[in-house]
Amino acid sequence: MINEKLLKPEEKAVYALRALYDRYGYTPYKMSKFEEYDLYAKNKDFLISEGIITFTDTRGKLLALKPDVTLSIIKNSRDADKNLSKMYYNENVYRIAKGSHVFKEIMQAGLECIGDIDAYHVAEVVSLALRSLAVLSDTYMLDLSHVGLIGAMIDTLALEKPVLKQFLSAIEKKNAGELSALAKSGVLSETALGLATVLLKEYRSLDEAREALSPYLLNDEAKDAYAEFAALYEALSALGLSECVRIDFSVINHRGYYSGVVFKGYVKGVPDSVLAGGQYDRMMRKMGRRDGAIGFAVYLDAIASGKKEQAKFDVDVLLLKNGANAADVLAAVENLSKNGARVLATETVLEGLRAEKTFIMQGKEAALYGND
């Protein structure tokens, strides 16, 4: 039986997430700590961190400690065609930590659904992303977007590549000032600036989003993508999950890899996103795969950094040995700790040590000490 007192917040989360994913038919997936460097070098844009730890193996091949799980799963799995491959994982990845510029081993959990993906599977994965956030915190929010919808609306603007790059970058950074400057310089039309304004806003209902987007749904691709997005939102609403969903079309991710819904999750007390994912069919095609795919990752290092509450006590019981022999002290420690209590035996009270209770050896027995 696991003593939960010994588990860190991220470790507790791992067990809860495993149980959640198992309920929906996902099976555990285990992989190697490293892959060939070329896998990551060819897909650097997909990675959260640019730095990759590399080394040469005994055969002279350049390998890398894996900075990402999804790429490794795609590489080491086969097309399921009309079937589905549903897996979850709990793996360590190796990235440059934010703000420190040093490599860090990061615990990450997540799931992937690969194969004949339909609207149900998309809704299932997004609902599991929301339920994952609920495991981590009572207060959470999922920002929901759709790369296909955004791309179809932007394509009608016919922006030149350099301008398109600036446009998307400003949207992702929510930089209204940069977009306004582009419009003043004549690079962006009034229509483009209007769409940018719509994409920068956040919506707490589908009706709000529909009203704002309607002037820009100008082709069948955009209309179809919106219908797909609306159906997903309505499915989440029917499950009672939409209250914790914020429609935010500034969540674009990489258009070269993602094809449909994309999302990021946040919990109270952590400034950065703790969950991210989406439908990445384009990535599958880039790696020679026919299947569709959707998944997400939970960044457990962010959970750890956001939950650094200090324990009230260092130990449950401090046992003062009072000159008793080792056998008697060992027997007393065994008895005091049998219900899971953390016991520390010392000859004297240690400076700064916080103990919930203090006992002292009196002959062969341990008795409460002082005013405890």
Cross-link candidates for residue 173: which lysines have Cα within less than 16 Å, leaving aside residues fewer than 8 places away along the same chain?
165, 201, 264
Debye log10 I(q)/I(0) at q = 0.21 Å⁻¹ for region 96-245, Cα point scatterers
-1.28
Placing one equal point scatterer on each C-alpha of the chain and summing with Debye, one gets log10 I(q)/I(0) at q = 0.08 Å⁻¹ equal to -0.53
Mean separation of Cα contacts under 8 Å, 6 or more apart, over the residue count of region 247-309: relative contact order %
29 percent
Suppose each label sits 7 Å from its Cα in the direction of the beta carbon; what would the residue 104-residue 36 distance come out to in nanometres?
3.2 nm
Please give the length that would be gained between residue 238 and residue 45 if that part of the chain were fully extended, namely 0.36 nm times their separation in residues minus their C-alpha to C-alpha distance (nm, one decimal).
65.9 nm
Partner lysines for residue 268 [C-alpha distance under 17 Å; skip if fewer than 8 residues away on the same chain]
307, 308
Provide the gained length on full extension for the span residue 231 to residue 272, in nm with one decimal, where the gain is 0.36 nm per separating residue minus the Cα-Cα distance.
11.9 nm
Based on the Cβ-Cβ distance from residue 349 to residue 54, what FRET efficiency comes out when R0 is 45 Å, to the nearest 0.05?
0.30
Pair residue 92, residue 331: separation of 7 Å Cα→Cβ label points (nm):
4.2 nm
Rounded to the nearest 500 deg cm²/dmol, what is the calculated helix-only ellipticity per residue at 222 nm for the chain, with -39500 (n - 2.57) per DSSP H run of length n ≥ 4?
-11000 deg cm²/dmol
Nearest-0.05 FRET efficiency for residue 12 and residue 367, computed from C-beta distance (R0 35 Å)
0.50
Distance cut-off 27 Å, percentage of C-alpha pairs in region 161-317 lying past it
37 percent
Could you check the simple spin-label distance between residue 175 and residue 189, using points 7 Å along Cα→Cβ, in nm with one decimal?
2.4 nm
Qualifying trypsin sites (Lys or Arg not before Pro) for region 11-46 [loop in DSSP, other Cβ within 10 Å: at most 14]:
30, 33, 42
So if we plug the beta-carbon distance of residue 157 and residue 210 into 1/(1 + (r/R0)^6) with R0 = 25 Å, what FRET efficiency do we get, rounded to 0.05?
0.80
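Only the coordinates and a few stated rules stand behind these numbers; no lab work does. What you see is a predicted model; the values in this text were computed from it and never measured. All Cβ positions, glycine included, derive from the backbone under ideal geometry; neighbour counts span all protein chains shown.
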